[in-house]
Amino acid sequence: MPRNRTAYNITRDSAGGADAAAAAAAALAAAHEAFKEYDPVFAQAALKHAQQLYALATLLPARSYCQQVVDCFEGIKTGGYKWKAYPSTSVYDDLSLAAAWLFAATGVRSYASDSQFFFTQHLARETPNNPTSYISNYENSAHIAALLLDQQLGFPPAQRHMLDFFKGWMTGLSTAKTPVLFVTPKGLHYLAGHPAAGDEPLPNAAHAAMLALLYAHSPRAQARGLTPFVVQNMECFALQQVNYVLGGQRGKARSFVVGLGSSPPTKPQHRQASCASGVLKCTVANSLATEGPNPNVLKGAIVAGPDSSDGFADDRSSEQSRVSVAYNVPFMGTVAGLLQHAVSPANCQKEHGLFQDIFLAATPGT
(Lines give C-alpha, C1' and ligand atoms only; values in the text may rest on other atoms or scores of the structure.)
Protein backbone atom coordinates (compact mmCIF):
# COMPACT_ATOMS: atom_id res chain seq x y z
CA MET A 1 0.00 0.00 0.00
CA PRO A 2 1.64 3.28 -1.07
CA ARG A 3 2.15 5.52 1.92
CA ASN A 4 4.49 8.34 2.80
CA ARG A 5 6.74 7.61 5.76
CA THR A 6 8.75 10.32 7.41
CA ALA A 7 12.48 9.66 7.76
CA TYR A 8 14.39 11.00 10.75
CA ASN A 9 18.12 11.33 11.32
CA ILE A 10 20.28 11.56 14.41
CA THR A 11 23.42 13.67 14.62
CA ARG A 12 25.77 14.53 17.44
CA ASP A 13 23.70 17.70 17.90
CA SER A 14 20.43 15.83 18.44
CA ALA A 15 18.62 16.22 21.76
CA GLY A 16 18.16 12.45 22.03
CA GLY A 17 18.35 9.22 20.09
CA ALA A 18 21.15 7.40 21.88
CA ASP A 19 18.85 4.38 22.19
CA ALA A 20 18.21 4.20 18.43
CA ALA A 21 21.89 4.57 17.55
CA ALA A 22 22.88 1.98 20.15
CA ALA A 23 20.20 -0.49 19.00
CA ALA A 24 21.49 -0.21 15.42
CA ALA A 25 25.05 -0.69 16.66
CA ALA A 26 24.01 -3.82 18.56
CA ALA A 27 22.30 -5.27 15.49
CA LEU A 28 25.34 -4.67 13.28
CA ALA A 29 27.79 -6.06 15.84
CA ALA A 30 25.60 -9.16 16.17
CA ALA A 31 25.53 -9.42 12.36
CA HIS A 32 29.33 -9.44 12.42
CA GLU A 33 29.28 -12.47 14.70
CA ALA A 34 26.72 -14.25 12.53
CA PHE A 35 28.46 -13.62 9.17
CA LYS A 36 32.18 -13.49 9.98
CA GLU A 37 32.80 -17.08 8.85
CA TYR A 38 30.59 -16.95 5.76
CA ASP A 39 31.03 -13.40 4.45
CA PRO A 40 34.00 -11.76 6.17
CA VAL A 41 33.87 -8.65 3.97
CA PHE A 42 30.28 -7.91 4.93
CA ALA A 43 30.97 -8.81 8.54
CA GLN A 44 33.87 -6.37 8.75
CA ALA A 45 31.78 -3.59 7.22
CA ALA A 46 29.01 -4.29 9.73
CA LEU A 47 31.47 -4.12 12.61
CA LYS A 48 32.95 -0.84 11.37
CA HIS A 49 29.54 0.81 11.22
CA ALA A 50 28.57 -0.70 14.58
CA GLN A 51 31.57 0.97 16.18
CA GLN A 52 30.75 4.29 14.51
CA LEU A 53 27.13 4.19 15.65
CA TYR A 54 28.13 3.22 19.18
CA ALA A 55 30.55 6.14 19.32
CA LEU A 56 27.72 8.44 18.26
CA ALA A 57 25.36 6.93 20.85
CA THR A 58 27.81 7.59 23.67
CA LEU A 59 28.22 11.22 22.58
CA LEU A 60 24.49 11.93 22.67
CA PRO A 61 22.53 12.87 25.80
CA ALA A 62 21.15 9.81 27.59
CA ARG A 63 17.67 10.48 26.29
CA SER A 64 15.37 8.46 24.06
CA TYR A 65 14.47 9.38 20.51
CA CYS A 66 10.84 9.52 21.68
CA GLN A 67 9.71 13.11 22.14
CA GLN A 68 13.24 14.29 21.32
CA VAL A 69 13.59 13.18 17.69
CA VAL A 70 10.22 11.51 17.00
CA ASP A 71 6.84 12.41 18.47
CA CYS A 72 6.04 8.87 19.64
CA PHE A 73 3.17 9.53 22.02
CA GLU A 74 -0.33 9.91 20.57
CA GLY A 75 -2.66 9.71 23.56
CA ILE A 76 -4.47 7.49 26.03
CA LYS A 77 -6.19 4.26 25.14
CA THR A 78 -8.19 1.96 27.40
CA GLY A 79 -5.81 0.59 29.99
CA GLY A 80 -2.64 2.26 28.79
CA TYR A 81 -0.98 4.46 26.17
CA LYS A 82 -1.28 4.77 22.42
CA TRP A 83 1.90 5.27 20.41
CA LYS A 84 2.51 6.65 16.93
CA ALA A 85 6.00 5.11 16.86
CA TYR A 86 7.65 2.22 18.66
CA PRO A 87 8.11 3.43 22.24
CA SER A 88 11.40 3.66 24.05
CA THR A 89 11.62 4.69 27.68
CA SER A 90 15.24 3.82 28.42
CA VAL A 91 18.57 4.25 26.66
CA TYR A 92 20.85 2.37 29.04
CA ASP A 93 19.60 -1.10 28.09
CA ASP A 94 20.37 -0.39 24.42
CA LEU A 95 23.80 1.03 25.25
CA SER A 96 24.61 -1.99 27.41
CA LEU A 97 23.56 -4.42 24.68
CA ALA A 98 25.55 -2.59 22.01
CA ALA A 99 28.69 -2.59 24.16
CA ALA A 100 28.22 -6.27 25.01
CA TRP A 101 27.98 -7.26 21.34
CA LEU A 102 30.97 -5.09 20.48
CA PHE A 103 32.98 -6.78 23.22
CA ALA A 104 31.98 -10.16 21.81
CA ALA A 105 33.07 -9.03 18.34
CA THR A 106 36.35 -7.32 19.25
CA GLY A 107 37.47 -8.45 22.70
CA VAL A 108 38.20 -4.82 23.58
CA ARG A 109 37.87 -4.55 27.37
CA SER A 110 36.54 -0.99 27.34
CA TYR A 111 33.38 -2.29 25.69
CA ALA A 112 32.97 -4.80 28.52
CA SER A 113 33.36 -2.05 31.12
CA ASP A 114 30.89 0.15 29.26
CA SER A 115 28.34 -2.65 29.07
CA GLN A 116 28.57 -3.33 32.79
CA PHE A 117 28.23 0.38 33.62
CA PHE A 118 25.22 0.93 31.36
CA PHE A 119 23.54 -2.23 32.62
CA THR A 120 23.87 -1.05 36.20
CA GLN A 121 22.44 2.32 35.20
CA HIS A 122 19.49 0.61 33.55
CA LEU A 123 18.71 -1.47 36.63
CA ALA A 124 18.74 1.66 38.77
CA ARG A 125 15.94 3.02 36.58
CA GLU A 126 13.74 -0.07 36.59
CA THR A 127 10.89 -0.51 39.03
CA PRO A 128 11.81 -3.61 41.05
CA ASN A 129 9.40 -6.50 40.59
CA ASN A 130 7.22 -4.57 38.14
CA PRO A 131 5.79 -7.03 35.57
CA THR A 132 6.90 -4.79 32.71
CA SER A 133 10.52 -5.38 33.72
CA TYR A 134 9.95 -9.04 32.79
CA ILE A 135 9.19 -8.10 29.17
CA SER A 136 11.99 -8.68 26.67
CA ASN A 137 11.39 -6.89 23.38
CA TYR A 138 12.39 -3.92 21.21
CA GLU A 139 11.57 -1.62 24.15
CA ASN A 140 13.55 -3.52 26.78
CA SER A 141 16.75 -5.22 25.69
CA ALA A 142 18.21 -5.48 29.20
CA HIS A 143 17.56 -9.21 29.44
CA ILE A 144 19.57 -9.99 26.31
CA ALA A 145 22.34 -7.70 27.54
CA ALA A 146 22.27 -9.51 30.90
CA LEU A 147 22.58 -12.89 29.19
CA LEU A 148 25.62 -11.72 27.22
CA LEU A 149 27.22 -10.08 30.27
CA ASP A 150 26.67 -13.18 32.37
CA GLN A 151 28.01 -15.60 29.78
CA GLN A 152 30.97 -13.48 28.66
CA LEU A 153 32.06 -12.00 31.98
CA GLY A 154 30.16 -13.72 34.77
CA PHE A 155 28.94 -10.26 35.84
CA PRO A 156 27.08 -10.88 39.17
CA PRO A 157 24.32 -8.26 38.69
CA ALA A 158 23.56 -9.74 35.28
CA GLN A 159 23.44 -13.25 36.71
CA ARG A 160 21.05 -12.19 39.47
CA HIS A 161 18.92 -10.39 36.91
CA MET A 162 18.59 -13.47 34.73
CA LEU A 163 17.84 -15.76 37.67
CA ASP A 164 15.02 -13.47 38.78
CA PHE A 165 13.76 -13.25 35.19
CA PHE A 166 13.51 -17.02 34.86
CA LYS A 167 12.03 -17.43 38.32
CA GLY A 168 9.30 -14.96 37.42
CA TRP A 169 8.49 -16.60 34.09
CA MET A 170 8.69 -20.20 35.30
CA THR A 171 7.14 -19.97 38.77
CA GLY A 172 5.00 -16.84 38.54
CA LEU A 173 6.81 -15.12 41.42
CA SER A 174 9.78 -12.77 41.58
CA THR A 175 12.70 -13.42 43.91
CA ALA A 176 10.91 -11.13 46.37
CA LYS A 177 7.81 -13.39 46.13
CA THR A 178 5.86 -10.71 44.26
CA PRO A 179 3.36 -12.07 41.68
CA VAL A 180 4.69 -11.63 38.15
CA LEU A 181 2.43 -13.73 35.98
CA PHE A 182 -0.11 -16.52 35.90
CA VAL A 183 -0.94 -19.41 33.59
CA THR A 184 -4.05 -18.93 31.48
CA PRO A 185 -6.68 -21.71 31.49
CA LYS A 186 -5.15 -23.13 28.29
CA GLY A 187 -1.52 -22.89 29.32
CA LEU A 188 0.03 -19.55 28.27
CA HIS A 189 2.35 -17.88 30.79
CA TYR A 190 0.79 -14.42 30.95
CA LEU A 191 2.27 -11.34 32.59
CA ALA A 192 -0.06 -9.53 34.97
CA GLY A 193 -0.50 -6.33 36.89
CA HIS A 194 0.24 -3.64 34.30
CA PRO A 195 -1.66 -2.54 31.15
CA ALA A 196 1.39 -2.95 28.91
CA ALA A 197 1.99 -6.51 30.12
CA GLY A 198 -0.91 -7.91 28.08
CA ASP A 199 -0.32 -6.01 24.83
CA GLU A 200 1.83 -8.69 23.17
CA PRO A 201 1.49 -11.89 25.23
CA LEU A 202 2.72 -14.34 22.59
CA PRO A 203 5.94 -12.46 21.69
CA ASN A 204 6.55 -11.88 25.42
CA ALA A 205 6.36 -15.61 26.12
CA ALA A 206 8.43 -16.46 23.03
CA HIS A 207 11.22 -14.11 24.12
CA ALA A 208 11.31 -15.67 27.58
CA ALA A 209 11.34 -19.16 26.06
CA MET A 210 14.22 -18.33 23.71
CA LEU A 211 16.29 -16.83 26.53
CA ALA A 212 15.60 -19.88 28.69
CA LEU A 213 17.03 -22.20 26.03
CA LEU A 214 20.07 -19.97 25.51
CA TYR A 215 20.78 -19.85 29.23
CA ALA A 216 20.16 -23.54 29.89
CA HIS A 217 22.76 -24.58 27.30
CA SER A 218 25.33 -21.83 27.90
CA PRO A 219 28.81 -23.00 28.98
CA ARG A 220 28.98 -20.71 32.01
CA ALA A 221 25.62 -21.86 33.37
CA GLN A 222 26.64 -25.47 32.83
CA ALA A 223 29.93 -24.81 34.63
CA ARG A 224 28.00 -23.44 37.62
CA GLY A 225 26.44 -26.85 38.03
CA LEU A 226 23.08 -26.36 36.38
CA THR A 227 21.45 -29.73 37.00
CA PRO A 228 19.94 -31.83 34.21
CA PHE A 229 16.56 -31.51 35.94
CA VAL A 230 16.66 -27.69 35.82
CA VAL A 231 17.87 -27.76 32.21
CA GLN A 232 14.94 -30.01 31.34
CA ASN A 233 12.53 -27.70 33.15
CA MET A 234 13.80 -24.75 31.12
CA GLU A 235 13.50 -26.73 27.89
CA CYS A 236 9.97 -27.81 28.76
CA PHE A 237 8.95 -24.27 29.63
CA ALA A 238 10.09 -23.21 26.15
CA LEU A 239 8.29 -26.15 24.56
CA GLN A 240 5.00 -25.47 26.32
CA GLN A 241 4.94 -21.86 25.09
CA VAL A 242 5.65 -22.90 21.49
CA ASN A 243 3.01 -25.61 21.85
CA TYR A 244 0.47 -22.97 22.85
CA VAL A 245 1.27 -20.72 19.90
CA LEU A 246 0.93 -23.61 17.45
CA GLY A 247 -2.49 -24.60 18.79
CA GLY A 248 -1.63 -27.37 21.24
CA GLN A 249 -3.55 -25.86 24.15
CA ARG A 250 -5.71 -27.87 26.50
CA GLY A 251 -9.38 -28.04 25.48
CA LYS A 252 -10.65 -26.42 22.30
CA ALA A 253 -7.44 -25.27 20.69
CA ARG A 254 -6.59 -22.75 18.01
CA SER A 255 -3.39 -21.80 16.24
CA PHE A 256 -2.00 -18.28 16.51
CA VAL A 257 0.13 -18.72 13.38
CA VAL A 258 -1.47 -17.41 10.20
CA GLY A 259 -2.07 -20.15 7.65
CA LEU A 260 -1.03 -22.99 9.94
CA GLY A 261 -2.88 -25.41 12.19
CA SER A 262 -6.41 -25.42 13.57
CA SER A 263 -8.54 -22.26 13.24
CA PRO A 264 -5.61 -19.92 12.52
CA PRO A 265 -6.09 -16.15 12.37
CA THR A 266 -7.63 -15.03 9.06
CA LYS A 267 -7.60 -11.26 9.54
CA PRO A 268 -4.15 -10.21 10.75
CA GLN A 269 -3.62 -6.46 10.85
CA HIS A 270 -1.43 -6.12 7.76
CA ARG A 271 -1.91 -3.64 4.91
CA GLN A 272 -0.71 -5.70 1.96
CA ALA A 273 -2.33 -8.95 3.11
CA SER A 274 -5.72 -7.26 3.48
CA CYS A 275 -5.61 -5.59 0.05
CA ALA A 276 -6.98 -7.73 -2.79
CA SER A 277 -4.70 -8.61 -5.68
CA GLY A 278 -5.29 -6.47 -8.75
CA VAL A 279 -6.51 -3.42 -6.86
CA LEU A 280 -4.89 -0.38 -8.45
CA LYS A 281 -4.79 1.69 -5.27
CA CYS A 282 -5.04 0.14 -1.82
CA THR A 283 -6.54 2.35 0.85
CA VAL A 284 -7.63 1.79 4.43
CA ALA A 285 -11.23 1.63 3.21
CA ASN A 286 -10.64 -1.22 0.72
CA SER A 287 -8.19 -3.19 2.85
CA LEU A 288 -7.80 -2.77 6.61
CA ALA A 289 -11.39 -1.60 7.10
CA THR A 290 -13.01 -4.50 5.20
CA GLU A 291 -14.73 -7.30 7.09
CA GLY A 292 -13.84 -10.54 5.33
CA PRO A 293 -10.71 -12.70 5.71
CA ASN A 294 -7.54 -11.30 4.21
CA PRO A 295 -7.42 -12.07 0.47
CA ASN A 296 -3.67 -12.76 0.77
CA VAL A 297 -2.63 -15.25 3.45
CA LEU A 298 0.32 -13.93 5.44
CA LYS A 299 1.49 -17.46 6.08
CA GLY A 300 3.67 -17.98 9.12
CA ALA A 301 2.98 -14.65 10.83
CA ILE A 302 2.53 -14.71 14.61
CA VAL A 303 -0.21 -12.47 16.01
CA ALA A 304 0.09 -10.46 19.24
CA GLY A 305 -2.11 -12.97 21.02
CA PRO A 306 -5.09 -13.57 23.29
CA ASP A 307 -6.38 -11.97 26.45
CA SER A 308 -5.76 -13.36 29.92
CA SER A 309 -8.64 -15.84 29.51
CA ASP A 310 -7.38 -17.14 26.15
CA GLY A 311 -9.99 -15.11 24.27
CA PHE A 312 -8.94 -13.95 20.82
CA ALA A 313 -10.62 -11.54 18.41
CA ASP A 314 -9.84 -12.49 14.82
CA ASP A 315 -10.45 -8.94 13.65
CA ARG A 316 -8.14 -6.50 11.88
CA SER A 317 -9.32 -3.70 14.17
CA SER A 318 -8.21 -5.64 17.25
CA GLU A 319 -4.74 -5.13 18.69
CA GLN A 320 -4.69 -8.89 19.31
CA SER A 321 -4.38 -9.36 15.54
CA ARG A 322 -1.27 -7.22 15.07
CA VAL A 323 1.69 -8.90 13.38
CA SER A 324 5.36 -7.94 13.32
CA VAL A 325 8.76 -9.28 12.41
CA ALA A 326 9.56 -8.60 16.06
CA TYR A 327 6.94 -11.23 16.97
CA ASN A 328 8.28 -13.91 14.65
CA VAL A 329 11.96 -13.59 15.52
CA PRO A 330 11.81 -14.88 19.13
CA PHE A 331 9.36 -17.61 18.11
CA MET A 332 11.66 -18.80 15.32
CA GLY A 333 14.64 -18.64 17.67
CA THR A 334 12.83 -20.79 20.21
CA VAL A 335 11.78 -23.35 17.62
CA ALA A 336 15.36 -23.52 16.32
CA GLY A 337 16.64 -24.09 19.86
CA LEU A 338 14.10 -26.83 20.53
CA LEU A 339 15.17 -28.60 17.34
CA GLN A 340 18.87 -28.13 18.04
CA HIS A 341 18.57 -29.68 21.50
CA ALA A 342 16.03 -32.32 20.45
CA VAL A 343 13.50 -31.32 23.11
CA SER A 344 10.75 -33.92 23.08
CA PRO A 345 7.16 -33.58 24.34
CA ALA A 346 7.52 -37.07 25.78
CA ASN A 347 10.31 -35.85 28.07
CA CYS A 348 8.11 -33.04 29.36
CA GLN A 349 4.74 -34.69 29.78
CA LYS A 350 6.11 -37.63 31.79
CA GLU A 351 3.20 -39.58 33.25
CA HIS A 352 0.60 -36.85 33.83
CA GLY A 353 0.30 -35.41 30.33
CA LEU A 354 -0.73 -31.93 31.53
CA PHE A 355 2.74 -30.47 31.81
CA GLN A 356 1.84 -27.47 29.65
CA ASP A 357 -0.58 -26.18 32.31
CA ILE A 358 1.65 -26.15 35.39
CA PHE A 359 4.34 -23.91 36.80
CA LEU A 360 7.90 -25.23 36.84
CA ALA A 361 9.20 -24.96 40.39
CA ALA A 362 12.83 -25.89 39.70
CA THR A 363 14.58 -22.90 38.15
CA PRO A 364 18.23 -21.76 37.92
CA GLY A 365 19.51 -20.71 41.30
CA THR A 366 16.97 -22.78 43.27
For this session: Kindly check whether there is at least one residue in region 337-347 that is touching a strand residue (DSSP E or B) at 6+ places or on another chain (Cβ under 6 Å), closer than 20 Å to Asn137 by Cβ and in the same structural domain as Ala192 (by TED's automatic domain parsing).
Result: no
Exercise. Considering only residues of region 91-114 that are of a type in the set (S, T, N, Q) and either outside any helix (DSSP H, G or I) or without any contact (Cβ under 8 Å) to a residue 24 or more places away in the chain (or both), which is nearest to Ala55 (Cα to Cα)?
Worked result: Ser110
For this session: With the checklist (1) modelled with pLDDT under 95; (2) part of a helix (DSSP H, G or I); (3) not β-branched (Val, Ile, Thr) in hand, flag the one item Phe117 doesn't pass.
Result: (1)
Exercise. When region 308-337 is examined, which residues are found to be within 18 Å of the chain's Cα centre (by Cα) and part of a loop (DSSP other than H, G, I, E, B)?
Worked result: Ser324
For this session: Just name the residue that is modelled with the lowest pLDDT out of those in region 339-350 that are part of a helix (DSSP H, G or I) and surrounded by fewer than 19 Cβ atoms within 10 Å (Cβ to Cβ).
Result: Gln349
For this session: Please go through region 1-23 and pick out each residue that is surrounded by fewer than 20 Cβ atoms within 10 Å (Cβ to Cβ) and not hydroxyl-bearing (Ser, Thr, Tyr).
Result: Met1, Pro2, Arg3, Asn4, Arg5, Ala7, Asn9, Arg12, Asp13, Ala15
Problem set entry | Condition check for Ala15: in contact with a helix residue (DSSP H, G or I) (Cβ under 7 Å, 6 or more places away or on another chain), modelled with pLDDT of 90 or more and not assigned by TED's automatic domain parsing to the domain that holds Gln272 | no
Exercise. Just checking, which of Ser317, Ser274 is over 29 Å from Gly168 (Cα atoms), surrounded by 20 or more Cβ atoms within 10 Å (Cβ to Cβ), at pLDDT below 90 and in the same structural domain as Leu213 (by TED's automatic domain parsing)?
Worked result: Ser274
Seminar exercise, completed: Cβ pairs under 7 Å, 6+ apart or interchain, first in region 263-285 and over 12 Å from Pro295 (Cα atoms), second part of a loop (DSSP other than H, G, I, E, B) and of a type in the set (Val, Ile, Thr), ordered by first then second residue, are Pro264/Val258; Pro265/Val258
Exercise. Exactly one of (1) modelled with pLDDT of 90 or more; (2) crowded, with 24+ Cβ neighbours inside 10 Å; (3) not charged (D, E, K, R) is unmet by Gln152. Its number?
Worked result: (2)
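The values are calculated or read from the model by the stated rules, or taken from the named source; none is laboratory data. Everything numeric in this text was worked out from a predicted model, so none of it was measured. Here Cβ is always computed from backbone atoms with ideal geometry, including for glycine, and neighbour counts include all displayed protein chains.
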